[in-house]
Each structure stands twice: as C-alpha cells, then as structure tokens.
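Accompanying notes for the structure given below.
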Amino acid sequence: MKKIIFLWSVLFILSACKNAENNTEKTTETPKQEFAIIIHGGAGTILKKNMSAEMETAYKSKLEEAIRVGYDILKNGGSSLDAVTKTINIMEDSPLFNAGKGAVFTNEGTNEHDASIMDGKTLNAGASAGTTTVKNPIDLARAVMDKSPHVMLSGKGADTFAEEQSLQIVDPNYFYTESRFKSLQNIKDKEKTELDHDGKISFYDADIKNSKFGTVGCAALDKKGNLAAGTSTGGMTNKRWGRIGDSPIIGAGTYANNNTCAVSSTGWGEYFIRGMVAYDISALMAYKGLSLKAASKEVIQNKLTKLGGTGGIVAIDKNGNMVAEFNTAGMYRATMNDKGELTIGIYKE
Ligand code: ASP
C-alpha cells in the first residue's frame, strides 16, 4: 500500500511540474493582437546626456500624438494603410523630425523629400523621391500607389503628379527650419578643407556615424489582418547629385506582406539599400521560419552591423507582435496594442 501511495505521489508531482511548465509557456507567449501599431522618428546618436528635459518631453508627446491618430483609425475598423498615412502626416508636420517640415538640407540649400508606402495584402506599393513642393510626401507615395500605374515617381514629375492629384503644395520655404540649416552650415565648414585624394569627402563617414537620422515611419496591423508600412524623410544633410536613400526604396526602407510582417527603416540609407533590410527581415521569416524578433535581430545586429551600417527598424507581424531593433545609441519609437497600452522609448533600454 505504501508503495502505491509513493508511486501515486511521484506521478502527481511529475504532472504538476508538467502543468507548471505549460503555464509558463502560455504566459510568456504574446497574445494575438486584433490590431496594433508601431512608429519611429529616426535612429542615431541620441544620448540622454545631450537631451534636455524639454526636448525629451516634446519628442515623447509628439510621438504619442502621432500614434494615437493611427490607433483610433485602427480601433474604429479603419485600414492599416490609412493608419500609417495619417500617423506619418503628424510627424511630417512637426519640425522635430527629418520629414516634411523639419527635413534636412541638401548641399544646394534645398529640401528634397523621399517617401514610400506598401500594402501587405496586395503587395501594391507607391514611392516618391526628390520632391520639393509636396507638404506631405507620404500622401504622394500613397497617391502613386492608388492613382498611378507606377511604383516610384521622382523629381519635378513627381511634384507635377502631386499637383494633378490636388495634394497640398507649399512654397519650398515652408520646409525651412533654423536648426537643420545650421547643421548644413556645420558640415559645409568642415567640408571646405577635407577633400581626400580620391575626391571623396574624408570626414563624411565619421560625420554620418555621429548623426541623428530623424526619418519617420510606421507599421500597422488592422482588424482585417492587413499589414501596411510607410516611411518619409528629408534624407541626409548635405546630400547632393540627386542622392536618394533607402526610404523610398521598396524592400530597403519599407516592406509589407500579410504572410510575414510590415517594416519601416531608418538609418544610413546606402547600407539599408545594399542590405535590402526591410525585405530581408520578411524573407527570413518566410524562408527560414524565423520569428519577427529573431529575423529583425539577425538583420540589424548581425548583417547590417557587419556591413558597417547604422540605424534601425520598427516592424509588426500578422499576430501583432511588434519589434523595434536598432544598433545606434537610440531610436525615437512608440507602440500601441489593441488594449490601448502605450509604450514610448528614445534610448537603449
Ligand atoms: N534612411 C534615410 C536616408 O538615408 C535617413 C534617415 O533614416 O534619417 O535617406
């Protein structure tokens, strides 16, 4: 009898352990979200020691204002494409970010904007590059996707298309901000003396590595299970020769596919193009079955870093799991899930 009681106790303990294990697994799983949204306002050398309390508050409240716009759209059954567009509009209209008002200056002292958007359901996409008069470049990217047979328009033609689509057109002076103009002057002062023998600008790499990339981006999942992502930027200070970065390049700066994830990038664009960063994350999920978290980590912390690139991404998968991955000191970012829980971050945790 004693033996039976002993055996019974052992079995009971073993099964209790098994249950505890299962429960642990369940509680660590992120529950599927009906809808969710994640945004970034650029990555880079963003250090707490260089940030005033006022600036920190200003960034946080603008991030919150922007993400709440998208959240409300999703909550009311709107599409992820609309949430992405309208959320980005708020950041484009703020001088805090390098997109729309607040865009960085080119070498010629102008502002040239790039943007892109992608629909994860249809794999339709739209992009614009090097525009100078469109107030909200993400609206132009959206119009290229919805109202033209093309994926990318550039320069004067893109500005003309925006006018034909009755998008808001502004005088280029609208984009002027003193702080961005000063950044251009600083870089130009250094440039004067520092051309190396290849004709390349020797300080350029170091200067970019220390810069803050203030591009804005958003990725969202709506109640219908559709993913979308978008990105908008002024590019990089002192860019010239019609330089275009990754932000308007589908697969580099923006990618969305309902089967995998939606991604928006920010950082040193040349490396994001060479690494096809946004698409690579999706591809690792599709071909290797990696989770969004594992795929993002592999691409940013391993592949991009080995290449020498700096920056980060925000991304969301079809279950509403959200990831902000970056190899810089900081990245302005925020998330909201279907319960309305908000997180905001600037520095590395
Ligand atoms: N990726 C952008 C570019 O290279 C810059 C940024 O993210 O701020 O144009």
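The values are calculated or read from the model by the stated rules, or taken from the named source; none is laboratory data. Since the model is a prediction, treat every value here as computed from it, not as a measurement. Every residue, glycine among them, receives a Cβ derived from its backbone with ideal geometry; neighbour counts consider all protein chains shown. For accessibility, only protein heavy atoms count, side chains too; no ligands or nucleic acids. Shrake-Rupley method; radii C 1.70, N 1.55, O 1.52, S 1.80 Å.
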### Query
Counting only residues that are more than 16 Å from the ligand (Cβ to nearest atom) and not aliphatic (A, V, I, L, M), how many does segment 104-124 have?
7
### Task
Scan segment 269-282 and give yes if some residue there is closer than 25 Å to Arg68 by Cα and in contact with a His (Cβ under 8 Å, 6 or more places away or on another chain), otherwise no.
no
### Which listed residue, of Ala43, Ala103, is touching a Ser or Thr at 6+ places or on another chain (Cβ under 6 Å), more than 17 Å from Arg142 (Cβ to Cβ) and not polar (S, T, N, Q)
Ala43
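Please state which one of Gly309, Gly251, Gly235 is within 29 Å of Glu65 (Cβ to Cβ) and within 16 Å of the chain's Cα centre (by Cα). Working first, answer last.
Details: Gly309 fails: within 29 Å of Glu65 (Cβ to Cβ); Gly251 fails: within 29 Å of Glu65 (Cβ to Cβ).
After applying the criteria, what remains is Gly235.
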### Query
When segment 237-286 is examined, which residues are found to be closer than 21 Å to Gly155 by Cα and among the aliphatic types (A, V, I, L, M)?
Ile244, Ile249, Ile250, Ala252, Ile273
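Determine if segment 54-70 includes at least one residue that is in contact (Cβ under 8 Å) with a residue 60 or more places away in the chain and among the small types (Gly, Ala, Ser).
Looking for residues that are in contact (Cβ under 8 Å) with a residue 60 or more places away in the chain and among the small types (Gly, Ala, Ser), one finds at least one in segment 54-70, hence yes.
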### Query
Here are some residues: Gly126, Gly130. Which one is at positive phi, surrounded by 13 or more Cβ atoms within 10 Å (Cβ to Cβ) and at pLDDT 95 or above?
Gly130
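So which of Leu74, Leu123, Leu96 ends up being over 24 Å from Met152 (Cβ atoms) and assigned to a loop (DSSP other than H, G, I, E, B)?
Leu96 is the lone residue from the list that is over 24 Å from Met152 (Cβ atoms) and assigned to a loop (DSSP other than H, G, I, E, B).
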### Query
Say we look at segment 318-338 and pick out the residues that are among the aliphatic types (A, V, I, L, M) and open to solvent by 10 Å² or more (accessible area, probe 1.4 Å); which of these is farthest from the ligand (Cβ to nearest atom)?
Met322
